[in-house]
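Student: First the structure, then my questions, so here it is.
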Amino acid sequence: MTTASFNTFSDFDDHKVINYFQDEKSGLRGFITVHRGNCKFPAFGATRYWSYQDEKSALIDSLRLSKLMSHKAALAGIPCGGGKAVIIKDANIRNKKDLLRIYADRVNLLGGHFITGADVGISREDVITMRRRSPYFVGVMVDPVRFTGLGLLLGIKACLSEVFHSDSLANRSFAIQGVGKIGNELIKLIYPFAQKIYVADIDPKAVKTVGSKFPKVKVVNLNEINQLKVDVFSPCALSNCLNKNSVNRLNCGIVAGGANNQLESEDVAETLFKKSILYAPDYVVNAGGLISVYDEYENGNTRVSRVEKKVLIVEKNMRAIIFQSKKTGKNPAEIANSLAREIFDNLV
Ligand code: NAD
């Protein structure tokens, strides 16, 4: 991989910073990518810790995620740019804590132009460890997962209103792909009301935990979860779960989940639209976490009621996107993308 090849990646999209970091002793390796952001508006985006086939796949994931963060911030009304970091998980890594401390030192080198927190593979405890080393970690005072879950629920309700003419969860069925932090939070919120909840996860431990916490949840195979006849399919795992193959297997009325970058490509959104499956753009409905960490950054404290009020924007946005989609005949992802781009391209 040469630096000259960066701008040939389809997700380069004029990224402002691509930072490669490495530390031989700890095994630290990965990227920080800043899509939009400047001295006035820092780039926000959480840090992912995951295994990748190679460095190129890790970089592409980071580029796609930081670009998505610019979209997310724009529609959530947050004056910041979009960034992301991925740390490449490796079997040779002996001490994750040491590695995270060294990573926090690298974040310090960006001098506050990149603000980060917990994504896949990073726990709140990990963030607290890194925060001791760097002031540029957020999600310490209140766990953002709570607000991501709340926003997701509000977004789902907007979709239910459209498809079933009622936002009630009673009699509704859900299939949740991935039961980590967000998947668990969503189950917690819908469990008392939903008629049926199916889950699947590649990690048997995660599935076992859910089974003991929520005994009425039904665990299914990984390849079955996106084929079930349910009202809502909720992707809460990794990127690209909606692709040319999986989209034809879907048997749901709504796709609304917490995972970032669910669509492998934009034409998948068009296929969903043609199949009359209502797709809630991922970055619209999972913005609650970003809203909460930006609130913490801005105020230096956290008030739950203040953040909850701000998270209401998720439902408002989703309803507006559905309205525009019906009016123009364009799919919801296309509507959201053009609204967001207009905002973040003017972030100067
Ligand atoms: P997490 O690491 O806590 O959970 C992810 C879960 O997905 C894990 O249990 C993992 O085993 C499972 N998984 C991975 N690949 C899978 C597959 N192919 N099929 C089924 N399960 C699979 O991460 P999280 O914080 O819950 O994040 C989940 C998604 O939500 C990510 O895409 C993340 O970027 C996004 N997101 C998270 C937040 C947040 O506040 N944590 C906010 C916005 C968006």
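Student: Please go through the range 213-239 and pick out each residue that is basic (Lys, Arg) and in contact with a strand residue (DSSP E or B) (Cβ under 9 Å, 6 or more places away or on another chain).
Tutor: LYS216, LYS218, LYS229
Student: Hey, another quick one. Considering the range 315-348 alone, what residues qualify as being open to solvent by less than 80 Å² (accessible area, probe 1.4 Å), of a type in the set (A, V, I, L, M) and closer than 14 Å to GLY82 by Cα?
Tutor: Scanning the range 315-348 gives ALA340, LEU347.
Student: Quick test for you: out of ARG94, ARG106, ARG133, pick the one residue that is out of contact with any helix residue (DSSP H, G or I) (no Cβ under 9 Å at 6 or more places or on another chain) and assigned to a loop (DSSP other than H, G, I, E, B).
Tutor: When all the criteria are applied, what remains is ARG94.
Student: Additional query: Sort out which residues of the range 33-67 are part of a helix (DSSP H, G or I) and within 17 Å of ILE122 (Cβ to Cβ), and write them in order of number.
Tutor: ALA58, ASP61, SER62, LEU65, SER66, listed by residue number.
Student: Of ASN286, ASN346, which residue is closer than 18 Å to GLY77 by Cβ and within 16 Å of the ligand (Cβ to nearest atom)? Walk me through it before giving the result.
Tutor: Values: ASN346 fails: within 16 Å of the ligand (Cβ to nearest atom).
Just one listed residue meets the conditions, ASN286.
Student: If you check GLY155, GLY82, GLY112, which single one turns out to be surrounded by fewer than 20 Cβ atoms within 10 Å (Cβ to Cβ), small (Gly, Ala, Ser) and either within 14 Å of the ligand (Cβ to nearest atom) or in contact (Cβ under 8 Å) with a residue 24 or more places away in the chain (or both)?
Tutor: On the way: GLY155 fails: surrounded by fewer than 20 Cβ atoms within 10 Å (Cβ to Cβ); GLY82 fails: surrounded by fewer than 20 Cβ atoms within 10 Å (Cβ to Cβ).
Criteria check complete, one pass: GLY112.
Student: Determine which member of the set LYS229, LYS216, LYS208, LYS244 is away from the ligand (no atom under 11 Å from the Cβ), touching a Phe, Trp or Tyr at 6+ places or on another chain (Cβ under 9 Å) and open to solvent by 40 Å² or more (accessible area, probe 1.4 Å).
Tutor: Details: LYS229 fails: touching a Phe, Trp or Tyr at 6+ places or on another chain (Cβ under 9 Å); LYS208 fails: touching a Phe, Trp or Tyr at 6+ places or on another chain (Cβ under 9 Å); LYS244 fails: touching a Phe, Trp or Tyr at 6+ places or on another chain (Cβ under 9 Å).
The match here is LYS216.
Student: Of all residues in the range 158-184 being among the small types (Gly, Ala, Ser) and part of a helix (DSSP H, G or I), which is nearest to the ligand (Cβ to nearest atom)? Walk me through it before giving the result.
Tutor: Looking only at the range 158-184, we keep the residues that are among the small types (Gly, Ala, Ser), and these are 158, 161, 166, 168, 170, 173, 175, 178, 180, 183.
Checking the rest, the ones that are also part of a helix (DSSP H, G or I) come to 158, 161, 183.
Working: ALA158: 17, SER161: 23, GLY183: 6 Å.
Top of the filtered list is GLY183.
The values are calculated or read from the model by the stated rules, or taken from the named source; none is laboratory data. Bear in mind that the values here come from a model prediction, so they are computed numbers and not experimental data. All Cβ positions, glycine included, derive from the backbone under ideal geometry; neighbour counts span all protein chains shown. Side chains are part of the model used for accessible areas, which takes the heavy atoms of the whole protein and leaves out ligands, DNA and RNA. Shrake-Rupley method; radii C 1.70, N 1.55, O 1.52, S 1.80 Å.
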